[in-house]
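The values are calculated or read from the model by the stated rules, or taken from the named source; none is laboratory data. Just so it is clear, the structure is predicted and the values come from calculations on it, not from any experiment. Cβ: placed from backbone, ideal geometry, glycine included. Neighbour counts: every protein chain shown. When the accessible area is computed, the model is the full protein with side chains, heavy atoms only, and any ligands, DNA or RNA have been set aside. Shrake-Rupley method; radii C 1.70, N 1.55, O 1.52, S 1.80 Å.
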Amino acid sequence: MVLAVLATALGGWLGYYLGHWLNLQHLAAAIGAGCAVMLVVMLDSIRAHRLMNWLRGDASGPAPRGVGLWAELGYRMERGLRDRERVADRERLSLEQFLHAIEASPNGVMLLDAQDHIQWCNSVAADHFSLDPNRDRLQRVTNLVRYPAFVTYLQAGQFAQPLTLSNARGKATLQVIVRVYGEQNRLVLSLDITDRERAEAMRRDFVANVSHEIRTPLTVLAGFIETMASLNLTEAERKRVLHLMQQQTHRMQTLVGDLLTLAQLEGSPRPAADHWVALDPLLGRVGSDAIALSAGRHQIVLERMTGVEIAGVETELLSAVANLMSNAVRYTPEGGRIELQWRPGAEGGGEIAVVDNGPGIAREHLPRLSERFYRVDGSRSRDTGGTGLGLSIVKHVVQRHGGELRIDSEVGQGSRFRLVFPAARVRRSDDPALGEESAPALLAGSDKEAA
Ligand code: ADP
């Protein structure tokens, strides 16, 4: 406005000056008006051009400044653009965060359009379906994924039930869930349920095994009860049947006891490392029980006076060592030799070892020995009162105490079962750092006693 007034004044003055000079008053007025209009139009178009150039460019800098309508227009356009950029930035950021969150998901996420083109997928989905998240974008997923069941499922469009893909990516089991959203777009979720499936299979096996183990003695008991009810037995026969019934009852009791022990071990927290159990009395008790169980059939060698304490739960440790000794007695033939030892570790810690010169165990069984109900020789195990849960209990106990169960065995050479404890769980009871009152009157060193 100001410029227009100035241009008009300048044009007027120029016209007046020219009119005076040429002595033509009317022409002077017309020229003045013409000049004024030309100047106004020129200035206007210069400013319009500047604004246009700014808009034609990327409009990243400020709009051309100045006064007047064009400047105001430029300023408002710039403000509008900046506002939209800010909104777009905010939305881009939240989209990025959203995608990062989905990327961090342990499950596969894939977005497909109505024609099954991959819009986006996270790296877990890429791994599940052997895709490349960048290269395969916008490709039709049904052309890329090698599971025919998945392709059929996607094409059928019935997504009420999830799809389970067994043996996907080697041995994995995948569960695929599809949800339709927007205009027939699809969200494909893939979950690796291998562990869940394995746990479920283990649970089923476990229930089947327990039922089988309980059904056998129950059937025997039922038979005996029927015999007693229907037949007139002599006193000797009655005693024999009662004895056999007692054996079966004992078998069930042992099984239920072992099951409860396992359930307790699995359900309770790790024992704290602040309660110390003296090893010598513990080994002594286990040794006496083994001697009683062997009833003179084996040579049993017990290591005494270890002077060691182990941090943990006495009943659990006792049950672990007792299980190993009972196995040694049950599986080693008459005349065999069984040793119960303590061996200190090189960096603190140490191990309780049960060594026998019995039949030994073939290499292929070793990794599975501590599985529940796994037996190398089922009938020998049952005949000697085994439940198939002993080594499973032992493994749980030692793991709860921060250690591990190691088994070395060779057929015909005997077996060595070791409970290996870490330094944090082992101390010597005569350690001066413990103070006088906590050091029991145990002697260091070892002394062997044969039974
Ligand atoms: P069980 O109650 O059958 O003894 P365990 O879990 O204690 O169950 O042992 C699993 C299997 O390992 C046994 O059935 C047996 O075949 C084998 N086993 C365990 N200890 C010994 C051993 N000292 N010598 C030979 N075989 C053994």
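Answer yes if at least one residue in the range 412-428 is within 14 Å of the ligand (Cβ to nearest atom), over 22 Å from residue 269 (Cα atoms) and under 28 Å from the mean Cα position of the chain (by Cα), and no otherwise.
no
Let me confirm something: among 383, 356, 408, which residue is over 17 Å from residue 264 (Cα atoms), within 8 Å of the ligand (Cβ to nearest atom) and in the same structural domain as residue 342 (by TED's automatic domain parsing)?
Selected residue: 356, the only one of 383, 356, 408 that is over 17 Å from residue 264 (Cα atoms), within 8 Å of the ligand (Cβ to nearest atom) and in the same structural domain as residue 342 (by TED's automatic domain parsing).
Report, by residue number, each residue of the range 50-67 that is farther than 21 Å from residue 40 by Cβ, at pLDDT 85 or above and open to solvent by 80 Å² or more (accessible area, probe 1.4 Å).
Selection gives 56, 62.
Give the range 364-378 a look and list any residue that's open to solvent by 70 Å² or more (accessible area, probe 1.4 Å) and of a type in the set (Gly, Ala, Ser), or say none.
none
Is it the case that residue 70 is on the phi < 0 side of the Ramachandran plot, open to solvent by 50 Å² or more (accessible area, probe 1.4 Å) and among the aromatic types (Phe, Trp, Tyr)?
yes
Just one of 355, 376 is in a strand (DSSP E or B) and hydrophobic (A, V, I, L, M, F, W, C); which is it?
Result: 355 is the single residue among 355, 376 that is in a strand (DSSP E or B) and hydrophobic (A, V, I, L, M, F, W, C).
Kindly indicate whether any position in the range 228-251 is under 29 Å from the mean Cα position of the chain (by Cα), modelled with pLDDT of 90 or more, small (Gly, Ala, Ser) and not assigned by TED's automatic domain parsing to the domain that holds residue 119.
Checked the range 228-251: no residue is under 29 Å from the mean Cα position of the chain (by Cα), modelled with pLDDT of 90 or more, small (Gly, Ala, Ser) and not assigned by TED's automatic domain parsing to the domain that holds residue 119.
Applying the selection to the range 394-406, what residues are assigned to a strand (DSSP E or B) and surrounded by fewer than 18 Cβ atoms within 10 Å (Cβ to Cβ)?
Answer for the range 394-406, where residues must be assigned to a strand (DSSP E or B) and surrounded by fewer than 18 Cβ atoms within 10 Å (Cβ to Cβ): 404, 406.
Does residue 372 fit the bill of being more than 7 Å from the ligand (Cβ to nearest atom), out of contact with any Lys or Arg (no Cβ under 7 Å at 6 or more places or on another chain) and closer than 28 Å to residue 310 by Cβ?
yes
Only strands (runs of 3 or more DSSP E) wholly contained in the range 271-351 count here; list those with 1 or more residues that are more than 30 Å from residue 412 (Cα to Cα).
By residue number, 276-278, 308-311.
Answer yes or no: is there a residue in the range 263-285 that is of a type in the set (Ser, Thr, Tyr) and surrounded by fewer than 18 Cβ atoms within 10 Å (Cβ to Cβ).
Yes: the range 263-285 contains one or more residues that are of a type in the set (Ser, Thr, Tyr) and surrounded by fewer than 18 Cβ atoms within 10 Å (Cβ to Cβ).
Quick one: which of 349, 345, 403 is farther than 30 Å from residue 220 by Cβ, more than 7 Å from the ligand (Cβ to nearest atom), in contact with a strand residue (DSSP E or B) (Cβ under 6 Å, 6 or more places away or on another chain) and at pLDDT below 95?
When all the criteria are applied, what remains is 349.
Determine whether the range 5-15 contains at least one residue that is surrounded by 17 or more Cβ atoms within 10 Å (Cβ to Cβ), in the same structural domain as residue 80 (by TED's automatic domain parsing), at pLDDT below 75 and under 30 Å from residue 79 (Cβ atoms).
yes
(1) open to solvent by less than 50 Å² (accessible area, probe 1.4 Å); (2) outside any loop (DSSP other than H, G, I, E, B); (3) of a type in the set (S, T, N, Q): which one isn't true of residue 387, the others all being true?
(2)
Starting from the range 365-383, take each residue that is among the acidic types (Asp, Glu) and list its partners that are within 7 Å of the ligand (Cβ to nearest atom), counting only C-beta distances under 7 angstrom and pairs at least six apart or across chains.
371/392
Can you report the number of residues in the range 302-334 which are within 15 Å of the ligand (Cβ to nearest atom), open to solvent by 10 Å² or more (accessible area, probe 1.4 Å) and either of a type outside the set (Phe, Trp, Tyr) or more than 23 Å from residue 369 (Cβ to Cβ) (or both)?
Number satisfying all stated conditions: 8.
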